[in-house]
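Here is the structure we will look at, set down as structure tokens.
Since every read-out is calculated from the coordinates, none of them should be taken as a lab result. Since the model is a prediction, treat every value here as computed from it, not as a measurement. For neighbour counting, all protein chains shown are included, and Cβ atoms are generated from backbone atoms with ideal geometry for every residue, glycine included.
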Ligand code: UDP
């Protein structure tokens, strides 16, 4: 590594996954710079990472040019997006603007100023209703909601930018990000919170109502199955992806998953085991747009990037999430 640490811009670095990537980049010898509008990212979490922050909009070309000229980054990691499936159905215009138009603006500005490496947060939602489980990267991509469509559109843009302009890129298709940094420094905080693990922990700790969305799925206990990956493992994948681009890879598309799945009831049982508390819940209707089972085929990432899930056992995921939430919720 050169004497000066390579600078990496982290769009959405104040968000859940972006902030964990910032920490890993720092400890791997990079200089991450957070770019965030703090609309859904958390300023206090960004500050806890100790990285420099630039506040602004990805849709603002003048702002982006100023930031890129100031730091001269080697690469951009792009975590900034809206990620709620239900909201994307009711507000598609905002999703396409935020997730596609702003990203295109970022890519155009990078091209104009000669930044040639891009790491993009995509999603298992681009697969829609998968034909087979586990899902390989070359499965049909037929998203069933505007959120998944918006991510797929950017995947296509990246492929075209690579072919026409030589942009080097890595696409990561996330399965279910969960957990928190091992020292409980940073963790998951969404507003509104819609995710299973924080909501079920909150039900256990604070008695907030928890609903199991559907118990009539064609799975062993009737609840949906997901592939949960520790956020630190996801962060690690990004650093490995970056290093592969630095070594000259043109483009890469990788699932980030473990290859194993857990049902909603299995997650609840593990939460009860880890916390020693009961998770009070009621059974509710299915949530629109939830496929019964999403599990990654995770061989490509382990073969090409030498990535392995090291912290993604369900108990470790839940105990790190629990340690963080106790701190964040001020529980003794
Ligand atoms: N889920 C649930 N109750 C909730 C939130 C989520 O039963 O309050 C279920 C949801 O239907 C899905 C799983 O938990 O099967 C994981 O949902 P989450 O929102 O955490 O992630 P997603 O799979 O939507 O990315």
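Tabulated data
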| read-out | value |
| --- | --- |
| Mean separation of Cα contacts under 8 Å, 6 or more apart, over the residue count of the range 53-110: relative contact order % | 52 |
| Least to most buried among 161, 213 (fewest other Cβ within 10 Å first) | 213, 161 |
| Likely footprinting exposure, 117, 66, fewest C-beta neighbours within 10 Å first | 66, 117 |
| Computed over the chain: relative contact order in percent, which uses C-alpha pairs under 8 Å that are six or more apart | 19 |
| Principal axis box of the chain, alpha-carbon based, largest edge first, Å | 53, 45, 38 |
| Antiparallel %, DSSP beta bridges [both residues in the chain], to 5 | 5 |
| Gained length - residue 57 relative to residue 191, 0.36 nm times residue gap less alpha-carbon distance | 46.3 nm |
| GNM flexibility winner over the chain from 221, 74, 24 (Cα, springs under 10 Å) | 221 |
| The range 32-112 shape via C-alpha gyration tensor axes, a/c threshold 1.5 | oblate |
| Separation of alpha-carbon centers, the range 42-102 and the range 2-26, rounded to whole Å | 13 |
| The range 197-332: radius of gyration and largest Cα-Cα distance (Dmax), Å | 17.1, 52 |
| Shape of the range 282-332, Cα gyration tensor, a/c cut at 1.5 | oblate |
| Acute angle (nearest 10 degrees) that the helix 264-275 long axis makes with the longest principal axis of the chain, alpha-carbon atoms | 90 |
| Inter-part distance where the range 234-298 and the range 170-217 are each reduced to a Cα centre, Å | 10 |
| Over the chain: helical MRE at 222 nm, DSSP H runs n ≥ 4 each giving -39500 (n - 2.57), nearest 500 | -12000 deg cm²/dmol |
| Additional length obtainable on full extension of the chain from residue 138 to residue 260, 0.36 nm per residue less Cα span | 42.0 nm |
| Relative contact order [Cα under 8 Å, 6+ residues apart], the range 247-332, whole percent | 42 |
| For 181, 19, 302, 150, order by how many other beta-carbon atoms lie within 10 Å, fewest first | 302, 181, 150, 19 |
| Degrees between helix 61-71 axis and first principal axis of the chain (Cα, 0 to 90, nearest 10) | 80 |
| Global geometry of the range 124-226, whether rounded, prolate or oblate, following the gyration tensor of its Cα atoms and the 1.5 cut on a/c | oblate |
